[in-house]
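Notes follow once the structure below has been shown.
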Amino acid sequence: MDGAQHIQVSADDANIRLDQYLVSHLPDVSRARVQALIDDEKILVDGKSSKPSYKLRGSEVIDVVGEYQPPPLRAIPEDIPLDVVYEDDDLAVINKPAGMMVHVGAGATEEERNRGTLVNALLYRFRALSEVGGDMRPGIVHRLDKETSGLIVVAKNDVAHRKLAEQFSSRRVHKKYVALVHGWPKKLKGTINLPIARDMSRRTRMTTRGSGGRDALSHYEVKEKIESPYGKFALVEVKIETGRTHQIRVHMASLGHPVVGDTLYGAPGELRVTKALKGMPSKMASLERNFLHAAEIELQQPATGKALRFVTKVPAALEDFAETLRHPEVRGT
């Protein structure tokens, strides 16, 4: 619906409600949106504002004089439990569970905007947060993917937010992740220095092969090699110097070793038995999330400059899954 429109009501449409009439005469506009346009006085009947329930006489001229502009989305508090690892007057460190979005995107609908995000939980727990990130991202200095668990830093005030953001941008924040990947990397230690860009053919993905990518640097170290009936896997620690979208997932996949559970970057949804043990039934194992956990973070307290370091254990669900691979005959998978 673009620009002003003028609609002449015919005698055949007498006694029809205004909102019902407009739904049938304005393509791709819902009744709720029509009612919002009427309430916002963007629809005039014979030059005057009206009500959605107005009954047409059959001779009116209806003017649609503008688009309805919904109010800007603003996250609201929601009572969701949080695992608060640390808290002071300037910041908090949260151990985010997998499956929780940090915040909704700019394109979220009214119905989606306040449903279970970290921001909703933070607003309920702390009441006041920094406003640097805007109405939809109060307190958010950096992000974790929805299916990645682990440590995330939150700013309580604008001064702290700006100082923390400067630490991130100058690479003075040190982060370590734990990941389980498919296969065994050729080197036990390595550095991946590949720019990351949006995948133009699949917009939900990132890629190391696109043009105009932003620099991205990851260091990995293999901590354990696992050979199981489901194939070979490596438990790795990854330290990142940059914080690009999906960075670890994209970088490990670029080596041919996608993160277990990460179907977006080539990991299978289910692990099939490739070499059954004696007496072991042919079954499959699956992981409902990515095997990626933000296990450690080091930074400076923004007001005092004091060094802070936080460590959190790999979630039990991931530990159990790794044990399934190490000892499938015992775990009964």
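The values are calculated or read from the model by the stated rules, or taken from the named source; none is laboratory data. All values derive from a computational prediction rather than experimental measurement. Note that each Cβ is placed from the backbone with ideal geometry, even for glycine, and that neighbours are counted across all protein chains shown.
Scanning segment 307-323 for residues that are closer than 30 Å to residue 231 by Cβ and charged (D, E, K, R) gives 313, 319, 320, 323. Being modelled with pLDDT of 95 or more and either assigned to a loop (DSSP other than H, G, I, E, B) or of a type in the set (Lys, Arg) (or both) holds for only one residue in 110, 147, and it is 147. Annotation note: of 22, 37, 82, 44, the sole residue that is surrounded by 15 or more Cβ atoms within 10 Å (Cβ to Cβ) and either in the same structural domain as residue 123 (by TED's automatic domain parsing) or in contact (Cβ under 8 Å) with a residue 60 or more places away in the chain (or both) is 82.
All told, residue 210 falls short of being within 23 Å of residue 146 (Cα to Cα) and in a loop (DSSP other than H, G, I, E, B). Taken together, 316, 234 contain a single residue that is modelled with pLDDT of 95 or more, outside the structural domain of residue 160 (by TED's automatic domain parsing), of a type in the set (Gly, Ala, Ser) and under 25 Å from the mean Cα position of the chain (by Cα), which is 316. One residue stands out among those in segment 212-250 that are farther than 13 Å from residue 181 by Cβ, out of contact with any Gly (no Cβ under 9 Å at 6 or more places or on another chain) and aliphatic (A, V, I, L, M): the one that is surrounded by the most Cβ atoms within 10 Å (Cβ to Cβ), which is 240.
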